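Taken together, the values in this text are just the output of simple stated rules run on the coordinates, not laboratory data. Fair warning: this is a prediction, and the values are worked out from it, not measured in the lab. All Cβ positions, glycine included, derive from the backbone under ideal geometry; neighbour counts span all protein chains shown.
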């Protein structure tokens, strides 16, 4: 049997040592224990009274402080032989702190919310916090409780000495926390003015004295499992978070912006937001190259830089047409070709000439729009960028304007 605890005689040996040597000695013993006990069945079963890590108490003990309450959670393996769990509490601010049973729950439960006489922000004369300390035992089908509190009450209530194993000190695992008045809830403003970006802003937050940090988490609409996004936000951080993980307009997420005080007590603001219906950017560097043909017509090559939006569907090419009014005065454009998102050029062949207001031959003018995958919610029509226009061939600048 390998033990991950310190013997009393070990304690006597290390007392004269420096803090550095003490840490090294403890780490060394832990390392030896881990190497020697990696396959020990005692470590696999937290309910085994001989398990040196748990003494038979449930593993995974975790406390979440709140407003005059503490949520106590533990791992529940779901053994049929487990009839129930008993929760014990001690307050370090009592004149004689001692563990007392505060509740007993059935064997299928894995948490308990303690609201019985809990006080917030309890501190001593020096301003240091008092703690509520918790530990949990399990009761089997025969009514036997493990660990047995009576064994600990015979000593100092914190540990027992195993005389059969060379006077090993064994501790009943516990956790401590300090409930507190929750910080103010963040008032969150949502900005969806940028394409495929949702920004949460809480810039006017009234920071309390015991503030620690903000955290942001998200899930899909209707989801229950929130995952943290980004890093914790401290007072030195900007009070906003921009989420760029969207694939299309209208995609929604549910967010929690959580303010924590230094004791870990949260205040939660929950909000749902969707990426705005923002059209793509206008294609850049749209140029044209004209080439005359012997049949009196011309070819034109159109080129542009690729857009980078994740929700880009493609590009629509337009040209001017013979109209009573030029496009600059409200005339219509003729749709010519739709191109996929990866294309950045096209050649239009055998293009015919147009007549301007003075009956002069002029080439067509060409325009391009980037197209979004998501139609506009108000009209159902495709969502287009602002048009980009290609310059006319040299020598025709004045003619096409007439």
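Couple of notes before you dig in:
- Potential lengthening between residue 268 and residue 342 on full extension [0.36 nm per residue; Cα-Cα distance subtracted]: 22.3 nm
- Label-point separation, residue 140 to residue 353 (7 Å along Cα→Cβ), nm: 10.3
- Residues 172, 353 arranged by fewest to most Cβ contacts within 10 Å: 353, 172
- Cα→Cβ-extended label distance, 7 Å offset, between residue 94 and residue 376, nm: 7.0
- Computed from the C-beta positions of residue 227 and residue 148 and an R0 of 56 Å, the FRET efficiency is 0.90 to the nearest 0.05.
- Fewest-first sequence of 191, 378 by Cβ atoms within 10 Å of each Cβ: 378, 191
- For residue 322 and residue 193, the FRET efficiency from 1/(1 + (r/R0)^6), where r spans their Cβ atoms and R0 equals 56 Å, is about 0.90.
- With the simple model of a label 7 Å out from the Cα in the direction of the Cβ, residue 220 to residue 204 spans 3.6 nm.
- The Cα atoms of the stretch 287-400 define a convex hull whose projected area, averaged across directions, is 7.9 nm².
- Counting neighbouring beta carbons within 10 Å and listing from fewest to most, the residues 236, 328 come out as 236, 328.
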